[in-house]
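The values are calculated or read from the model by the stated rules, or taken from the named source; none is laboratory data. None of these values were measured; they are calculated from a predicted model. In this analysis, Cβ positions are derived from the backbone assuming ideal geometry, glycine residues included, and neighbour counts consider all displayed protein chains. Quick note on the areas: whole protein, heavy atoms, side chains included, nothing else; ligands and nucleic acids left out. Shrake-Rupley method; radii C 1.70, N 1.55, O 1.52, S 1.80 Å.
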Amino acid sequence: MLTRVVHLLPAELAAVLERMPDQVKDKLEEIRIRESRALEIGFDGGFRYIAPDGTPMSRPDGAFRPSGDICRKLLERVTNHSLYAMEEELRRGYITVAGGHRIGIAGRTVLEGGHVRGIRDVGAFNIRIAREVIGASAKLLPKLLDFNRRSILPALIVAPPQQGKTTLVRDIARAVSSGLWGHAAAAGWEGRKVGIVDERSEIAACVRGVPTFDIGPRTDVMDACPKAEGMMMMLRSMSPDVLIVDEIGRAEDAEAILDASHAGIAVIATAHAKDLDEARGRPAIERLLAAGAFDVCVELRKNADGLSSRVVRALPAARSPSALERTPAGGNGHG
């Protein structure tokens with residue numbers, strides 16, 4: 001996985017990471033660079049600090065410590081030497097680069113009218129490596145089928161960060177668009193029109209509007225567009241049967257999803273939460289659940305065997321959800 005992002009790294013930093021054992025590089029999930037502090041990586045569900053010779057260590061003592069010059073070079077590379085052009089991304093605290101890799105940043109914020117206008121004096125980066133896992137949804141998708149509409153049920157997919165939500169919905173888009181339903185009773189179903197609103201350019205990883213990940217033949221993408229506005233644009237212009245959005249939670253997101261569900265569109269959305277009960281603590285999501293916008297909720301967990309899922313009915317809070325089935329979801333990506 002290191003090969004996917006090594007071109008972004010200053011030579012001094014790339015040289016250290018290239019010295020890591022191959023089995024670590026192959027399972028690399030994120031790289032955390034903090035000025036003058038220990039270099040850290042996330043891989044295979046865990047983390048380690050990295051010594052100058054590439055050795056993974058459990059303690060930060062003796063780890064490689066990126067200098068301020070290395071951090072400045074990294075910022076120049078990920079912003080394409082134009083901080084001004086990336087002003088909006090910097091304001092949100094992350095930059096998405098070609099390939100769908102998201103680079104979180106932290107530093108001193110610049111305020112304007114009490115709101116964050118941008119970040120300067122950047123001293124920390126988190127490079128999250130996007131990966132495509134064809135077939136990640138194969139074991140889960142048959143449990144989400146709508147046999148009345150010959151399509152997929154509206155579903156809310158919840159998990160903490162880096163449990164594979166984005167990887168999963170990307171593969172759902174590919175399968176649903178291609179008509180690969182994975183169930184004998186759905187063998188004659190055609191693929192559905194899928195619309196993806198990809199606010200952070202992570203699901204489809206578009207470059208100049210063209211997806212670089214396989215999202216299927218009948219999928220359209222509204223790239224780098226705020227979710228609520230993008231969903232309305234999709235409804236007006238592309239008439240999708242299925243609408244996919246990542247990381248919902250704002251009131252305007254809920255409003256747009258309700259509009260889509262009232263139009264008969266199956267919405268597949270992800271949210272950060274441990275489980276359905278925790279997701280209910282967010283007012284926008286509770287509103288969607290109370291309105292019946294989702295038929296089911298998928299709770300994801302990453303374990304030693306990959307990704308597992310628990311499917312529960314997305315009932316209003318007054319009724320307890322019942323487990324439908326626990327199944328391996330497949331895949332090992334992050335989201």
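Miscellaneous remarks
- First in the range 143-158 and over 19 Å from Ser309 (Cβ atoms), second anywhere and of a type in the set (Gly, Ala, Ser) and surrounded by 16 or more Cβ atoms within 10 Å (Cβ to Cβ), Cβ under 9 Å, 6 or more apart: Phe147/Ala186; Arg149/Ala266; Arg150/Ala186; Ser151/Ala266
- If you filter the range 36-66 down to residues that are at pLDDT 95 or above and of a type in the set (Asp, Glu), you find that the one that is surrounded by the fewest Cβ atoms within 10 Å (Cβ to Cβ) is Asp61.
- Taking first residues from the range 36-60 that are free of Cβ contacts under 8 Å to residues at least 60 places away in the same chain and partners that are among the hydroxyl-bearing types (Ser, Thr, Tyr) and buried (at least 20 other Cβ atoms within 10 Å of the Cβ), the Cβ contacts under 7 Å between residues at least 6 apart in sequence or on separate chains come to Ala38/Tyr49; Leu39/Tyr49; Glu40/Tyr49; Met57/Tyr49; Arg59/Tyr49; Pro60/Tyr49.
- A single member of Ile129, Ile119 is hydrophobic (A, V, I, L, M, F, W, C), open to solvent by less than 40 Å² (accessible area, probe 1.4 Å) and either without any contact (Cβ under 8 Å) to a residue 60 or more places away in the chain or closer than 17 Å to Cys297 by Cβ (or both), and it is Ile119.
- Residue count for the range 209-227 under the criterion of being open to solvent by 20 Å² or more (accessible area, probe 1.4 Å), part of a loop (DSSP other than H, G, I, E, B) and modelled with pLDDT under 95: the result is 6.
- Pairs linking a residue in the range 17-30 that is touching a residue at least 60 places away in the same chain (Cβ under 8 Å) and open to solvent by less than 90 Å² (accessible area, probe 1.4 Å) to a residue that is hydrophobic (A, V, I, L, M, F, W, C) and assigned to a helix (DSSP H, G or I), with Cβ atoms under 9 Å and 6 or more positions apart or on different chains, are Leu28/Leu2; Leu28/Leu17.
- Scanning the range 260-279 for residues that are crowded, with 17+ Cβ neighbours inside 10 Å and not aliphatic (A, V, I, L, M) yields Ser261, Thr270, His272, Asp275.
- Selected residue (criterion: farthest from the chain's Cα centre (by Cα)) from residues of the range 183-208 that are part of a helix (DSSP H, G or I) and touching a residue at least 24 places away in the same chain (Cβ under 8 Å): Ala185
- Scanning the range 241-257 for residues that are assigned to a loop (DSSP other than H, G, I, E, B) and more than 20 Å from Lys165 (Cβ to Cβ) yields one hit, Asp241.
- Within the range 155-170, tally of residues that are assigned to a helix (DSSP H, G or I) and either over 12 Å from the mean Cα position of the chain (by Cα) or aliphatic (A, V, I, L, M) (or both): 2
- Scanning the range 185-208 for residues that are modelled with pLDDT under 90 and either in contact with a helix residue (DSSP H, G or I) (Cβ under 8 Å, 6 or more places away or on another chain) or at positive phi (or both) gives Ser201, Glu202, Ala205, Arg208.
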